[in-house]
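Q: Shown below is the structure under consideration.
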Amino acid sequence: MYGTHFGLQELPFTITPDTSFFFAPSSHQEALNTLLVAARSGEGFMKVIGEVGTGKTLLCRKFMGTLEHHEFVTAYIPNPYLQPMTLLFACADELGIKYPQHVNQHQLLKLLNRYLIDTYAEGKRVLLCLDEAQAIPLETLESLRLLSNLETERRKLLQVVLFGQPELDARLDNPSIRQLKQRVSFSCQLSPLSLSEVEFYISHRLAVAGYRGPRLFPHKVVKQIYRASNGIPRLVNILAHKTLMAAFGEGARVAAERHVRMAVADTESTQGVRTVKAKILKYLTALVPAAVIGLISLFNLAFHGVTLIAGGSV
């Protein structure tokens, strides 16, 4: 691989959510700060919305890693597309709760409630993070709300953070779970990176990976990656990785625009963006001649009218 060629200690643009590479642009830092404040203040439900590839899972792991272990017990469920009973089992497993082999829902709820009370008595808070929350069935969301009903006079005994795509908002608009929506105290929105943030993002990941040489991605190359990725961090990673592979294949020491073009051509997830842009450009290009012909026609009609008027007055 290209690591040794560019003097890297590890690959900088993997798409696995490694918190050592965490980069906090404005929307991500604001979301992290909000989650930390909300968690420490004892809020019940929190929500983070972001498009595919904007870094929700990485933010979730960074958030949980930032919480003090002596104050919080955390549970993480990466795939919450579960029926209500199965979600309860997943929560119990994540929290290390032992239960009988043939336990029913009532018994399991009692065990979970007992665990929450005991943990509260120890001075700790239990926080549950659900990734890909847009996939949670409605009946499971409702059971989650019922599970979070246990509280003291001062705070909730279970705090829940929902990380999901924009479809989660549409799901929460369903009248059948309007009580849950009312309990969402804090909501954050993750945005794609701007051009300047993409530049800092690439430099940051290279530095974390051990790169100490001259600039590897010139500004024009970064700009090309930004346009092809629309600032989506996951696509930035994929394109930057393939760009370095293309440069390494040619023995180049600096990424060039042709390397980005090769990366884009090899990345199917960027084709949709390029196709839409191409269609718009084609449409606008087709409109220009039509508009010019229309203007010429109007001019001819106007000129012809003026001629007739002038001829009639003689």
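The values are calculated or read from the model by the stated rules, or taken from the named source; none is laboratory data. As the structure is a computational prediction, the values presented were derived from the model and not from experiment. FYI the Cβ positions are ideal-geometry reconstructions off the backbone, even for glycines, and counts take in every protein chain you see. Side chains are part of the model used for accessible areas, which takes the heavy atoms of the whole protein and leaves out ligands, DNA and RNA. Shrake-Rupley method; radii C 1.70, N 1.55, O 1.52, S 1.80 Å.
Q: Hey, can you tell me all the residues within segment 169-183 that are without any contact (Cβ under 8 Å) to a residue 12 or more places away in the chain and over 16 Å from ALA133 (Cβ atoms)?
A: Selection gives PRO175, ARG178, GLN182.
Q: Keeping to segment 27-59, report how many residues are closer than 12 Å to GLN189 by Cα, of a type in the set (Ser, Thr, Tyr) and open to solvent by 10 Å² or more (accessible area, probe 1.4 Å).
A: Total satisfying the criteria: 2.
Rundown of residues vs (1) part of a loop (DSSP other than H, G, I, E, B); (2) within 19 Å of the chain's Cα centre (by Cα); (3) of a type outside the set (Asp, Glu), yes/no style:
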position: GLY3; (1), (2), (3): yes, no, yes
position: GLN9; (1), (2), (3): yes, no, yes
position: THR16; (1), (2), (3): yes, yes, yes
position: SER20; (1), (2), (3): no, yes, yes
position: ALA31; (1), (2), (3): no, yes, yes
position: LEU35; (1), (2), (3): no, yes, yes
position: THR54; (1), (2), (3): yes, yes, yes
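Q: Pairs needed: first member in segment 128-144, open to solvent by less than 10 Å² (accessible area, probe 1.4 Å); second member anywhere, in a helix (DSSP H, G or I) and among the polar types (S, T, N, Q); C-beta distance under 8 Å; at least 6 residues apart or different chains.
A: ASP131/THR57
Yes or no, residue by residue, for (1) buried (at least 17 other Cβ atoms within 10 Å of the Cβ); (2) within 17 Å of GLY7 (Cα to Cα); (3) among the aliphatic types (A, V, I, L, M):
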position	(1), (2), (3)
ALA207	no, yes, yes
PHE217	yes, yes, no
VAL236	yes, no, yes
LEU239	yes, no, yes
GLY249	no, yes, no
ARG253	no, yes, no
ALA256	yes, no, yes
ARG261	no, no, no
SER269	no, no, no
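Q: Here is a further query. For THR57, which of the numbered conditions (1) in contact with an Asp or Glu (Cβ under 7 Å, 6 or more places away or on another chain); (2) farther than 17 Å from LEU162 by Cα fails to hold?
A: Looking at each condition in turn, THR57 falls short on (2).
Q: Please state which one of ARG183, ARG227, ARG171, ARG274 is modelled with pLDDT of 95 or more and open to solvent by 40 Å² or more (accessible area, probe 1.4 Å).
A: Criteria check complete, one pass: ARG227.
Q: A further question on this structure: Return the residues of segment 63-88 that are assigned to a helix (DSSP H, G or I) and buried (at least 20 other Cβ atoms within 10 Å of the Cβ); say none if nothing qualifies.
A: Residues of segment 63-88 that are assigned to a helix (DSSP H, G or I), as a first pass: 63-66, 84-88.
Of everything in segment 63-88, those that are assigned to a helix (DSSP H, G or I) and buried (at least 20 other Cβ atoms within 10 Å of the Cβ) turn out to be PHE63, LEU87, LEU88.
Q: Sticking with this structure for a sec: Quick one: is LEU112 in contact (Cβ under 8 Å) with a residue 60 or more places away in the chain and either assigned to a strand (DSSP E or B) or not basic (Lys, Arg) (or both)?
A: It is false that LEU112 is in contact (Cβ under 8 Å) with a residue 60 or more places away in the chain and either assigned to a strand (DSSP E or B) or not basic (Lys, Arg) (or both).
Q: Applying the selection to segment 1-23, what residues are open to solvent by 40 Å² or more (accessible area, probe 1.4 Å) and either without any contact (Cβ under 8 Å) to a residue 24 or more places away in the chain or of a type in the set (A, V, I, L, M) (or both)?
A: Result: MET1, THR4, LEU11, ILE15, THR16.
Q: How about segment 25-59: which of its residues are touching a strand residue (DSSP E or B) at 6+ places or on another chain (Cβ under 9 Å), of a type outside the set (Gly, Ala, Ser) and under 24 Å from GLU151 (Cα atoms)?
A: If the condition is that a residue be touching a strand residue (DSSP E or B) at 6+ places or on another chain (Cβ under 9 Å), of a type outside the set (Gly, Ala, Ser) and under 24 Å from GLU151 (Cα atoms), then THR34, LEU35, VAL37, ARG40, GLU43, PHE45, MET46, LYS47, VAL48 are the ones that fit.
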